[in-house]
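A short worksheet on the structure shown next.
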Amino acid sequence: MSRRVYIETYGCQMNVADSELMLGLLCREGYARADDPADADVLLVNTCAVRDNAEQRVIGRMGELQRYKRKGGVLGVVGCMAQRLGPALLAQVPRVDLVVGPDGYRNLPELLGLAQAGDRVSDTEFRSWEHYEDVPPVREKAPTAFVTVQRGCDYRCTFCIVPRTRGPERSRKLADVVREISGLVAQDTTEVTLLGQTVNSYHDGEHDFADLLRAAGQVEGLRRLRFTSPYPADFTTRVIEAMARTPAVCEHVHLPVQSGSNAVLKRMLRRYTRERYLEVMRELRQAIPGITFSTDIIVGFPGETEADFEQTLSLVTEADFDDAYTFKYSVREGTPAVRLRDHVSEDVASSRMARLVDAVRGNARRKNIARVGQIHEVLVERPAKRGDLQLARTRTNQLVLLDLPASAIGEYHRVRLTGTTGSTFTGSVLLPALAVL
């Protein structure tokens, strides 16, 4: 009987892709996937280290998973939190047997063997050459997929733990990325999202991100191409031209800004100004009509004054974002920002957060109400969380609820947007003769 492995994933799309990679490695060694921890011989939690509350949640979850650990079984922590804490995590959570960082997954079979023999082991070494090119990920069959094109980060934003948990930036060879995309399309995936920490800084030594977009967009059968997360200062003229001239590239960019204040951006060590950020948005809008934007914004960063925060609010209006992910700054051990002075009080940060959320939601609702009645092409992605509806997505990244059967997942339809809650739309499918493109 095959040994069975259960993997629970927290955090970003990169962690989702890494879990698929680990399954590929272990299935190649004779493991089978378990969907229930009670059925597993090996329990792995793939972790995020971006925020402290995410780590605390994982530690609590490890305590819950302990009760499923069989005699001779293994309970392990993998991913960014494992990389950050290293062997200290073995002491912090006594029943954890295994700690492995993102560059150590290739050694999982050997490390699991040691753990099953009673050793408590860790591997948090950075390996700048590791891209796992010979490991086919094990993915759920789906119309959409993530493809990692870049690992690590060379930027040193003062609030960010990623360089410490994922190491230096390195890019996969363009031909290897295209080969993986071609394999996905052969299995009926028609939308791919390219993943990298600063994905538009991609360079494999010969090809840049513009080359990658053009090459990926030429894969026959690929209908949609997305990427995340780009860095504002890395949108070159070549990249913008490639986006505009590659039909598969979707008309949406998630463009993290973090703050609207130049003073705060400087303390964050972001390599652009407010003015340059807005200029990039203008260049993208001019090149790609109808493009939409989402962003990340942090409030309460050390030294942020009321005037700084007002500049962030004014940027939300001037940039006219379609959506934004908002975060209240929290101290992260291991990041340079812990040494900054003038920390913003919790009460002030919470008040600013509430004001920012109101501004973001109000802007998004205004824009979405104006979209009601428009006709869009959508890809039906998955069942909605409630009811018998299906969840679809426009090229511009709006979510649409449709009254379609589950058999419609993977189909493209033309729909009219009939209503909005402020964030999600309802839609009606147009006449069958026009429906499937």
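Counting only strands (runs of 3 or more DSSP E) that sit completely within region 333-437, those holding 3 or more residues that are of a type in the set (Val, Ile, Thr) correspond to 375-383, 412-420. Taken over region 191-216, the residue count meeting the criterion of being more than 17 Å from Thr396 (Cα to Cα), touching a Pro at 6+ places or on another chain (Cβ under 8 Å) and not in a loop (DSSP other than H, G, I, E, B) is 2.
Checking each residue in region 294-322 for being in contact with a strand residue (DSSP E or B) (Cβ under 6 Å, 6 or more places away or on another chain) and under 30 Å from Thr246 (Cα atoms) picks out Ser294, Thr295, Asp296, Ile297, Phe321, Asp322. When you scan region 272-288, do you find a residue that is under 23 Å from Thr396 (Cβ atoms), part of a loop (DSSP other than H, G, I, E, B), touching a Leu at 6+ places or on another chain (Cβ under 7 Å) and not hydroxyl-bearing (Ser, Thr, Tyr), even just one? Taking every residue of region 272-288 in turn, none turns out to be under 23 Å from Thr396 (Cβ atoms), part of a loop (DSSP other than H, G, I, E, B), touching a Leu at 6+ places or on another chain (Cβ under 7 Å) and not hydroxyl-bearing (Ser, Thr, Tyr). For region 93-107, indicate whether the set of residues that are charged (D, E, K, R) and part of a helix (DSSP H, G or I) is non-empty. Yes, some residue in region 93-107 is charged (D, E, K, R) and part of a helix (DSSP H, G or I).
The one condition from (1) touching a helix residue (DSSP H, G or I) at 6+ places or on another chain (Cβ under 6 Å); (2) on the phi > 0 side of the Ramachandran plot; (3) assigned by TED's automatic domain parsing to the domain that holds Leu313 that Asp342 does not meet is (1).
Yes/no per residue for (1) touching a Leu at 6+ places or on another chain (Cβ under 8 Å); (2) surrounded by 22 or more Cβ atoms within 10 Å (Cβ to Cβ):
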residue: Gly60; (1), (2): no, no
residue: Val74; (1), (2): yes, yes
residue: Cys80; (1), (2): no, yes
residue: Gly86; (1), (2): no, no
residue: Val93; (1), (2): no, no
residue: Arg106; (1), (2): yes, no
residue: Glu110; (1), (2): no, no
residue: Arg120; (1), (2): yes, no
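Look at region 176-191 and say how many of its residues are in contact with an Asp or Glu (Cβ under 9 Å, 6 or more places away or on another chain) and among the aliphatic types (A, V, I, L, M). The number of residues fulfilling the criteria is 2. In this structure, Arg179 qualifies as out of contact with any helix residue (DSSP H, G or I) (no Cβ under 6 Å at 6 or more places or on another chain), modelled with pLDDT of 95 or more and not in a strand (DSSP E or B). Put simply, of Glu206, Glu169, Glu180, Glu191 the only residue that is out of contact with any strand residue (DSSP E or B) (no Cβ under 9 Å at 6 or more places or on another chain), touching a residue at least 24 places away in the same chain (Cβ under 8 Å) and not polar (S, T, N, Q) is Glu206.
Between Arg214, Arg285, the distinction of being touching a helix residue (DSSP H, G or I) at 6+ places or on another chain (Cβ under 6 Å), without any contact (Cβ under 8 Å) to a residue 40 or more places away in the chain and in the same structural domain as Thr148 (by TED's automatic domain parsing) belongs to Arg214 only. Of the residues making up region 33-72, those that are modelled with pLDDT of 90 or more and under 26 Å from the mean Cα position of the chain (by Cα) are Arg33, Ala34, Asp35, Asp36, Pro37, Val42, Leu43, Leu44, Val45, Asn46.
The values are calculated or read from the model by the stated rules, or taken from the named source; none is laboratory data. Nothing here was measured: the structure is a model prediction, and the numbers come from that model. As a convention, Cβ positions derive from the backbone with ideal geometry for all residues, glycine included, and neighbour counts pool all protein chains shown.
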